[in-house]
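Chemist: Shown below is the structure under consideration.
Read-outs: derived from the displayed coordinates by stated rules, not from any lab. The structure displayed is predicted, hence computed values, not measured ones. Cβ placement follows ideal geometry from the backbone for every residue including glycine, while neighbour counts extend to all protein chains displayed.
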Amino acid sequence: MPSNFEIDIRDPHERLGLKGYKDSSWNFAMDVKQVTKVSELLGGFIRNCVYGILSISAVPNHIAFIMDGNRRYSKKNNLIDGAGYRAGYSTLMSMVRYCYEMGVKHVTFYAFSIDNFKRDPEEVQTLMELMEEKIERLINDEIIVSQYGVKVRFIGNLKLLSKSARLAAERAMDATSMNNNIVLSICVAYTSTDEILHAVQESCDKTWHENRGSDDGLRRLDVSDIERHMYMGVVPDPDVIIRTSGETRLSNFLLWQSSNCLLYSPSILWPEIGFQHLVQAVFEFQKRFYYLNKQSKHEVQLKGKI
């Protein structure tokens, strides 16, 4: 070994003449964390102030969302396939958080229509895989499962899902079955026409088996029979339906349950919806609460007479 050979044990930044760079980069990282923490605390404080104002009037018991615009968001921002849906999932989780903080007890999302199975098979397969991935992530989310106490329900004709996605949905429902702070209903393989057809068939079968052989003959069905067999019969009717992208169509979503709810349609795509849009929807609900509540009571009275 040459006699003048030495090993330089100085910090790499110092050897390159960048003394102080490591410390400054470390301090920068710490500053970013501190700014992020302060920003989160400030955001939480502001939201709590807004919730205090909203609580003066009636807060919706059930808010439903039609998540429209994920694919258009991808095209608008030149994102790869599936990126819009991933951004949409983050938005979904934010809406669950805001609704929980606001005191909303039921939140429903229209995630996948039966009509979506008509899309390109490759896209459908990608969506099934993405759904399974997000369900597993949901199960492992400690904030959702433990802190928020969210009960997850998957609503729809689950037999139409891929086997792996269906099993993941069942695991999520089992893992959160004891929670009761807020109910998160995710409509997959769902349309209202399929739900109503299912409910009528189940009601007819039940009535047939109960009254078969009876001297009084078959009992007539009433509205309550059908409602008991609805997929959405486990949650109350929505007070507000929010559909993004400015569309005012329900697209075969909660047609039976939405006769007396407010439809709010902000002209932004689903991944772009934020806290301010949710607050505006609640304000619109509160302005019309007296009328909506009066109509709802009248409808209940009419159903009782049928």
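Chemist: Using the Cα atoms as the points, what is the convex hull volume per residue of region 93-220 in Å³? Please report the intermediate quantities before stating the final value.
Modeler: Working: hull volume 18.7 nm³, N = 128.
Hull volume normalised by residue count: 146 Å³.
Chemist: Skipping prolines and chain starts, which residues have an amide H placed within reach, meaning under 5 Å, of the one on PHE154, given they are 5 or more residues away or on another chain?
Modeler: Amide H to amide H, under 5 Å and 5 or more residues apart or across chains, PHE154 pairs with ILE186.
Chemist: At GLU210 and GLN147, where each label point lies 7 Å from the Cα along Cα→Cβ, what is the point-to-point distance in nanometres?
Modeler: Result for the modelled spin labels: 4.5 nm.
Chemist: With N denoting the number of residues in region 218-277, provide Rg(C-alpha) divided by 2.2 N^0.38 Å, to two decimal places.
Modeler: Working: Rg = 15.2 Å, N = 60, 2.2 N^0.38 = 10.4 Å.
After normalising by residue count via 2.2 N^0.38 Å, the value is 1.46.
Chemist: Moving on to the next point. Calculate, for VAL200 and LYS159, the FRET efficiency according to 1/(1 + (r/R0)^6) with r their C-beta to C-beta distance and R0 25 Å; round to the nearest 0.05.
Modeler: On the way: r = 18 Å, r/R0 = 0.71.
It comes to 0.90.
Chemist: Okay, moving on. I'd like the Kirkwood hydrodynamic radius of region 135-207, using the inverse of the mean 1/r over distinct C-alpha pairs, in Å. Before the final figure, lay out the partial values.
Modeler: Working: mean 1/r = 0.0745 Å⁻¹.
Kirkwood hydrodynamic radius for region 135-207: 13.4 Å.
Chemist: Multiplying the sequence separation of ILE268 and ARG119 by 0.36 nm and subtracting their Cα-Cα distance, what value in nm do you get? Please report the intermediate quantities before stating the final value.
Modeler: Working: separation 149, 0.36 × 149 = 53.64 nm, distance 2.36 nm.
Fully extending the segment from ILE268 to ARG119 adds 51.3 nm.
Chemist: Further question: Past 29 Å, Cα to Cα, is the threshold; run LYS75/LYS105; LYS134/LYS159; LYS33/LYS287; LYS75/LYS118 against it and keep the listed order. Can you show the working numbers first?
Modeler: Values: LYS75/LYS105 34 Å; LYS134/LYS159 19 Å; LYS33/LYS287 40 Å; LYS75/LYS118 21 Å.
The pairs that break the limit, which is 29 Å between Cα atoms, are LYS75/LYS105; LYS33/LYS287.
Chemist: Then there's this: With label points built 7 Å along Cα→Cβ from the Cα atoms of ASP222 and LEU42, find their separation and express it in nm.
Modeler: In this crude label model, ASP222 to LEU42 measures out at 5.8 nm.
Chemist: What is the projected area of the convex hull of the Cα atoms of region 34-133, averaged over all directions, in nm²?
Modeler: Values: hull surface 34.8 nm².
Averaged projected area of region 34-133's Cα convex hull equals 8.7 nm².
Chemist: Throw me the Rg/Rh for region 104-175, computed over C-alpha atoms with Kirkwood Rh, two decimals.
Modeler: Reported Rg/Rh (Cα atoms, Kirkwood Rh): 0.98.
Chemist: Need the full-extension length gain, MET178 to SER251, defined as separation in residues times 0.36 nm minus the C-alpha distance. One decimal, nm. Display every interim value, and only then the final one.
Modeler: Working: separation 73, 0.36 × 73 = 26.28 nm, distance 3.23 nm.
Taking MET178 through SER251 to full extension adds about 23.0 nm, to one decimal.
Chemist: Taking 0.36 nm per intervening residue step and subtracting the Cα-Cα distance, what contour gain separates TYR291 from LYS75 on full extension? Display every interim value, and only then the final one.
Modeler: Values: separation 216, 0.36 × 216 = 77.76 nm, distance 4.04 nm.
Full extension of this stretch gives 73.7 nm more.
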